[in-house]
Amino acid sequence: MPLLDKFGRAISDLRISVTDRCNYKCVYCRTGNEGALYGELAFADYLRMARVLVGLGVTKVRLTGGEPLLRNGIVDFVRELAKLNTNSDHAIEIALTTNGHLLADLARPLKEAGLGRVTVSMDAVDPDRFARITRVPSGFDNVLAGIRAARDAGLGPVKLNCVLMRGFNEDQIIPFGLFAREEGVIVRFIEFMPLEEDRVWSRSTVVTLDEILARMSEYRPLVEIPHARSETARRYRFDDGIGEIGIIAPVSHPFCGHCSRIRITSDGKIRTCLFSVWDHDLHAQMRRGASDEELAEFIRGVVMKKEERHHIGEPDFVPASRTMVHIGG
Ligand code: SAM
């Protein structure tokens, strides 16, 4: 039986944050300071959580953070996760979201360990702009090398996540269209959400789907590609068939009604929505000696409490109890 919430949504997509440490300080995510950390668990704990959730019907596991490639042993962890495929009655896709800084050397080992796909966050194709956003002076070349290594290792199609924030990088829309065509990657623009540590979000800082489409169409006409209902991105190809872009528009075009996601934080809490105001301590259940069946029961109960939708920009909006770096995007 699929893992269903009370609105009938099936939960098939698990995101595990393996650390809330990060080597970047992106303006839309973190403060310029180090900030507090919630902590990390042993990989064996995440593996058990993943195994129980796969047993409940999860088909996709995405590793994220913080920056997941900062964790020693990440390649071995992917190898162990991939083994869940052997013991499951359905196929499991393993994916990773990274800032790409350490990816060049890890892409091939990760692929060989069983990683299926990688998404790299990159918010400007101009190195100076990139440095201003990430607050890391020399990361651009590493990320570019990481993207190319991932593509060459067969971790494709490589997707890039670009969070657009007015005043920082809205002029990068067309350059990213060119980049997608030249590098053979799928660029996905993400509307800025109020999940940042600096609390600078306002509706006016969001570069919306309509605006992105209008700007990109000045460069070349776009043709919409049909997408699965649970897919977060609306997909478009250029009219000549070269290059694909996506737009993830949680602010201007929310997709909560088709949400299939559940998240585990690096300290072992379940979050049923990015904008949850509480989380559910799965690791505490493990510490008290719960069996796999008891964990499954706990998870079923938590999923029933999944929020119907977020309330971004509405008068009753309550900020999430954690910021993105401590949730895992
Ligand atoms: N460090 C990894 C990375 O950079 O991809 C993984 C963690 S990061 C929190 C995951 C994704 O969340 C990134 O693609 C990032 O751009 C996105 N993100 C972070 N803060 C965001 C915000 N306030 N609004 C929208 N997306 C955000």
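No lab work stands behind these numbers, since they all come straight from the coordinates. Because the structure is predicted, anything quoted here is derived from the model rather than measured. For neighbour counting, all protein chains shown are included, and Cβ atoms are generated from backbone atoms with ideal geometry for every residue, glycine included.
A few points about this structure:
- Length, then width, then depth: along the principal axes, the Cα atoms of the chain run 57, 48, 42 Å.
- Sorted largest first, extent of the stretch 81-240 alpha carbons per principal axis (Å): 48, 38, 34
- Straight-line cross-link partners of LYS60 among the aspartates and glutamates, defined as a Cα under 14 Å from its Cα and at least 8 positions apart when in the same chain: ASP13, ASP89, GLU93, GLU231.
- Which listed pairs, of LYS83/LYS305; LYS159/LYS306; LYS111/LYS305, have C-alpha distances above 32 Å, in listed order: LYS111/LYS305
- Additional length obtainable on full extension of the chain from ASN33 to ASP105, 0.36 nm per residue less Cα span: 23.2 nm
- Length gained on full extension, LYS305 to ASP76, computed as 0.36 nm times the residue gap minus the Cα-Cα distance: 79.1 nm.
- Between the stretch 231-247 and the stretch 56-73, the Cα center-to-center distance that results, in Å: 26
- Most mobile of ALA95, ALA228, ALA50 in a GNM of the chain (Cα contacts under 10 Å): ALA228
- Here the stretch 286-320 and the stretch 140-176 have alpha carbon centers that stand 32 Å from each other.
- The angle between the Cα long axis of helix 140-152 and the main principal axis of the chain comes to about 70°, on a 0 to 90 degree scale.
- Model label points for ARG199 and PHE317, set 7 angstrom from Cα along the Cα-to-Cβ axis, are 1.4 nm apart.
- Between the stretch 79-136 and the stretch 1-47, the C-alpha centres lie 14 angstrom from each other.
- The GluC sites (Glu not before Pro) of the stretch 152-254 that meet both conditions, a loop assignment by DSSP and at most 15 other Cβ atoms within 10 Å of the site Cβ, are GLU231.
- Relative contact order computed over the chain (Cα-Cα under 8 Å; 6+ residues apart), in percent: 22
- Taking LEU47, LEU160, LEU110 in turn, the Gaussian network model of the chain (Cα-Cα springs below 10 Å) assigns the largest fluctuation to LEU47.
- Neighbour count of at most 11 Cβ within 10 Å plus DSSP loop: longest trypsin sites (Lys or Arg not before Pro)-free window in the chain: 7-198
- Cα-based shape type of the stretch 149-223, given that a ≥ b ≥ c are square roots of the gyration tensor eigenvalues and the cut on a/c is 1.5: oblate
- For the chain, taking a cut-off of 4.7 Å between Cβ atoms, the unpaired cysteines are CYS22, CYS162, CYS256, CYS259, CYS273.
- Helical content of the chain, expressed as a calculated mean residue ellipticity at 222 nm, amounts to -8500 deg cm²/dmol (DSSP H runs of 4 or more residues, -39,500 (n - 2.57) each, divided by residue number, nearest 500).
- Top of GLY246, GLY32, GLY55 by mean-square fluctuation, Gaussian network on the chain, Cα under 10 Å: GLY32
- Along the chain, the exposed loop sites are chymotrypsin sites (Phe, Trp or Tyr not before Pro) outside DSSP states H, G, I, E and B with at most 14 other Cβ atoms within 10 Å, and the longest stretch free of them is 8-277.
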